[in-house]
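Please find one structure pasted underneath; my questions will follow.
What follows is calculated from the coordinates using simple rules that are stated; it is not laboratory data. Just so it is clear, the model here is predicted, and its values are computed rather than measured. Glycine gets a Cβ as well: all are built from the backbone with ideal geometry, and neighbour counts include every protein chain shown.
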Amino acid sequence: MKKVMVRYKVKPDRVAENQQLVRAVYEELHRTNPAGLRYATFRLADGVSFVHLAAIDEENGESPLARLEAFRRFTEHVEDRCDEAPVATAIDEIGSFHFFGE
């Protein structure tokens, strides 16, 4: 299972737009319920930084997120919304407690 963290900062006047786009992704996820994905998004205390955590079972080589129309809309102009562009980092789990639903 591949685990990834993505962190970025949006422009203060684009926070609501970013949150709306993120919520649309979750609405589609709840409708389609794709297998092989655990996903969470957080807004940090500064109000403009966001962190996305994903655990992806890549047996077929493709993230279920890539198949979502709402995710494509979210990523389409993300750099325009950002003061700091998204940075994806592979993460290795050392330990967790019910975090990824085990």
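Give just the number: which of (1) assigned to a helix (DSSP H, G or I); (2) within 13 Å of TYR8 (Cα to Cα) does GLY47 not satisfy?
Evaluating GLY47 over (1) assigned to a helix (DSSP H, G or I); (2) within 13 Å of TYR8 (Cα to Cα) leaves (1) as the failure.
Separate question: Within the stretch 81-102, work out how many residues are over 16 Å from VAL4 (Cβ atoms) and exposed (fewer than 10 other Cβ atoms within 10 Å of the Cβ).
Looking only at that region, the number is 5.
List the number of the failed condition for GLY36; all other conditions in (1) touching a Phe, Trp or Tyr at 6+ places or on another chain (Cβ under 8 Å); (2) under 21 Å from THR89 (Cα atoms) hold.
Every listed condition holds for GLY36 apart from (1).
If you don't mind, there's one more thing I want to ask. Could you list all residues from the stretch 8-44 that are in a strand (DSSP E or B) and either surrounded by fewer than 16 Cβ atoms within 10 Å (Cβ to Cβ) or touching a Pro at 6+ places or on another chain (Cβ under 6 Å) (or both)?
Answer for the stretch 8-44, where residues must be in a strand (DSSP E or B) and either surrounded by fewer than 16 Cβ atoms within 10 Å (Cβ to Cβ) or touching a Pro at 6+ places or on another chain (Cβ under 6 Å) (or both): TYR8, LEU37, ARG38, ALA40, PHE42, ARG43.
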